[in-house]
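Comments concern the structure below.
The values are calculated or read from the model by the stated rules, or taken from the named source; none is laboratory data. None of these values were measured; they are calculated from a predicted model. Backbone-built Cβ (ideal geometry, glycine too); neighbour counts: all protein chains shown. Accessible surface areas use protein heavy atoms only, side chains included; no ligands, DNA or RNA. Shrake-Rupley method; radii C 1.70, N 1.55, O 1.52, S 1.80 Å.
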Amino acid sequence: MWRSFLIDRFYLEEYLSFKKVELNFQNGLIIFSGPSGAGKSILFNSMVASFGFKDTKAKISEINLIDTRIINDDYLINDDFSIKQMTTTKTRHFLNNQTISKNDLQDFSKSFFKHLHLKDTSDFESENIVSFLDFLGQIKFDTYLECHTNFTNTYKELKEIKAKLQKIHKDEKDIENLKEFTRFEIEKISKINPQHGEYDDLKDLKDMLSKKDKIENILNEAKPFLHNTHKISQALDILEVDSAFFDDAINEINNQFEKFYDKIGSIDDINIEDTLDRIEQLGGLQKKYGSIEEALEYKKMKEKELEEYENITFEKIILEKNYKKLSLEIEKLGMELTDFRAKLIEILKSDMNMFLADLYLQNIDIRLNAIELSRNGYDEVIFTLNNTELKKLSSGEFNRLRLALLTARSIYECDTNGILFLDEIDANLSGKESESIAKVLTKLAKNYQIFAISHQPQLSSTANQHFLVEKKDDISYVRELDCDDRVVEISRMISGEHITDEARTFAKTLLGRN
């Protein structure tokens, strides 16, 4: 029974050797084949790039997906949707015609899209396997997420405390020098004892002192005119004009004059030399720290540092106590994770063995090796096949073992309803090995829509759809093959460009069998 989730259509325009491509897909296993250099990998990469997992500079690439059962209100997705990539001066991605970043597109696609490529050997790295086990644990065990979250948070806290303790131990060696330097920094500011707003007030005072004599002379010359202002008031009264405005103005002038005399009276005793020295000191602070406020803030910070240095022994005792407590706690959580992961490894091993039987491999062993504490716990994952380390396996064995791992993982990572892209999955394999891979992919194709590049007749003959990529006059073309065309293409894979009768007969046999 086919899963409904599938890519229905792919459109590509102006990308390297391709001018324009439009393909419609069915469910199941979809194979791309063709001579070397025809453009298979280019086409494949452009499709993978549509989901945000590679970079291309195609003018336009668009994928339409149907029957996905995905609902996303942000992008107005209700089952069917499209993903588009366009390149003008820069590459832009669209989900249902709404702009989306490449990273967000990747995150969106991860639930249903998986790209498996054998050139990447990182899938067996312990850290990646542990990460998958953590993902699988959340599916298989109700309490796994809580345990893993507690471990992660405790490890983070433990790491922070450890860093503080290391700093204290380092500081302790030179604590007296640090204290002396900090006191010196505080004293430099305390000695001047700057006040908020003082610098601006002193600058105003300096300006006043510099203008004092000039202003006094002007005021003294103006004062005689104020003695007879009552005459002007009388004249306005005779003219029957309300003199209140004039009286108010004269009163304001007198008030301003009096204010000036009061101000200069208050600064008569100020020592101008002391004032200039004070301004110079405050100016030096401003120049070094940016402002008086920042200087005071720096002094406050240094006072806090000095207090911390004075209390460093007490803080060290508290941190060491907390570190010991957290160490016991994380050891307990780590052991719980190890117990969970031991069970998860058995699940992974069982899933892999299901595929390994078809791949003519057996005796896979996956075990946990205890290591020093890390952010992933105390566990290192080790794979062996027939008691042989992975690095000592033949390329055929390694590739088939990897396929078993990747397909076992895809059961959970694609949520049993998604799309798999397999990049030259049967490269450099014998006919028997290629046939075994075809068996595995045929099973997987009942749950996934699978896209693969193939150079082998065994896998190509099992395809539900077979596309041929060709190049003519440096331009690449893609076309779907009918039954007769498939016989020709599979025969070419068997015997080369000069197709023999035996190759044609074998091709028909393979197609008939599948």
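Some observations on this one:
- Verdict on Glu346 being surrounded by 12 or more Cβ atoms within 10 Å (Cβ to Cβ), acidic (Asp, Glu), modelled with pLDDT of 85 or more and in a helix (DSSP H, G or I): no
- Considering each residue of the range 98-108 in turn, none proves to be in contact with a strand residue (DSSP E or B) (Cβ under 9 Å, 6 or more places away or on another chain), touching a residue at least 24 places away in the same chain (Cβ under 8 Å) and assigned to a loop (DSSP other than H, G, I, E, B).
- All conditions in (1) part of a loop (DSSP other than H, G, I, E, B); (2) exposed (fewer than 15 other Cβ atoms within 10 Å of the Cβ) hold for Asp485, with the sole exception of (1).
- Taking the criterion of being open to solvent by 40 Å² or more (accessible area, probe 1.4 Å) and either under 51 Å from the mean Cα position of the chain (by Cα) or aliphatic (A, V, I, L, M) (or both), the residues of the range 494-505 that qualify are Ile494, Ser495, Glu497, Ile499.
- Members of the range 349-381 found to be farther than 21 Å from Asn150 by Cβ, outside any helix (DSSP H, G or I) and over 29 Å from the mean Cα position of the chain (by Cα), listed by number: Ala357, Asp358, Leu359, Tyr360, Leu361, Gln362, Asn363, Ile364, Asp365, Ile366, Arg367, Asn369
- As a summary of the residue check, Asp174 satisfies the conditions (1) among the acidic types (Asp, Glu); (2) modelled with pLDDT under 95; (3) closer than 26 Å to Ala342 by Cα except for the one numbered (3).
- Taking the criterion of being of a type in the set (A, V, I, L, M) and either buried (at least 20 other Cβ atoms within 10 Å of the Cβ) or assigned to a strand (DSSP E or B) (or both), the residues of the range 427-443 that qualify are Leu429, Ile437, Ala438, Val440, Leu441.
- Filter result (open to solvent by 40 Å² or more (accessible area, probe 1.4 Å) and within 33 Å of the chain's Cα centre (by Cα)) within the range 26-58: Ser41, Ile42, Asn45, Phe53, Lys54, Asp55, Lys57
- Flag for Ile71 being in contact (Cβ under 8 Å) with a residue 12 or more places away in the chain and β-branched (Val, Ile, Thr): no
- Checked against (1) part of a helix (DSSP H, G or I); (2) open to solvent by 30 Å² or more (accessible area, probe 1.4 Å), Arg409 meets all criteria but (2).
- Glu424 meets the stated requirement of being open to solvent by 10 Å² or more (accessible area, probe 1.4 Å) and on the phi > 0 side of the Ramachandran plot.
- Hits in the range 360-394 - residues which are free of Cβ contacts under 8 Å to residues at least 40 places away in the same chain, surrounded by 12 or more Cβ atoms within 10 Å (Cβ to Cβ) and not hydrophobic (A, V, I, L, M, F, W, C): Asp365, Arg367, Ser374, Thr384, Thr388
- Listed conditions (1) farther than 26 Å from Ile475 by Cβ; (2) among the aromatic types (Phe, Trp, Tyr); (3) open to solvent by 10 Å² or more (accessible area, probe 1.4 Å); (4) touching an Asp or Glu at 6+ places or on another chain (Cβ under 8 Å) are all met by Phe5, apart from (3).
- Condition check for Lys20: of a type in the set (D, E, K, R), open to solvent by 40 Å² or more (accessible area, probe 1.4 Å) and free of Cβ contacts under 8 Å to residues at least 12 places away in the same chain: yes
- Long-range neighbours under 6 Å by Cβ, at least six apart or interchain, first residue closer than 22 Å to Lys302 by Cα within the range 187-201, second small (Gly, Ala, Ser) and surrounded by 11 or more Cβ atoms within 10 Å (Cβ to Cβ): Ile189/Ala295
- Filtered by the rule that a residue be in contact (Cβ under 8 Å) with a residue 40 or more places away in the chain, of a type in the set (S, T, N, Q) and either in contact with an Asp or Glu (Cβ under 9 Å, 6 or more places away or on another chain) or open to solvent by 80 Å² or more (accessible area, probe 1.4 Å) (or both), the range 129-145 gives no residues.
- Residue in the range 108-128 that is surrounded by 15 or more Cβ atoms within 10 Å (Cβ to Cβ) and β-branched (Val, Ile, Thr) present: no
- Of all residues in the range 295-320, those that are open to solvent by 50 Å² or more (accessible area, probe 1.4 Å) have Cβ atoms under 8 Å from Cβ atoms of residues that are modelled with pLDDT under 85 and among the basic types (Lys, Arg), 6 or more apart or on another chain, in Glu310/Lys179.
- Residue among Lys164, Lys170, Lys179 that alone is part of a helix (DSSP H, G or I), of a type in the set (D, E, K, R) and open to solvent by less than 60 Å² (accessible area, probe 1.4 Å): Lys179
- So Arg402, is it of a type in the set (Lys, Arg) and touching a residue at least 24 places away in the same chain (Cβ under 8 Å): yes
- Flag for Ser491 being touching a Leu at 6+ places or on another chain (Cβ under 9 Å), touching a residue at least 12 places away in the same chain (Cβ under 8 Å), open to solvent by less than 10 Å² (accessible area, probe 1.4 Å) and among the small types (Gly, Ala, Ser): no
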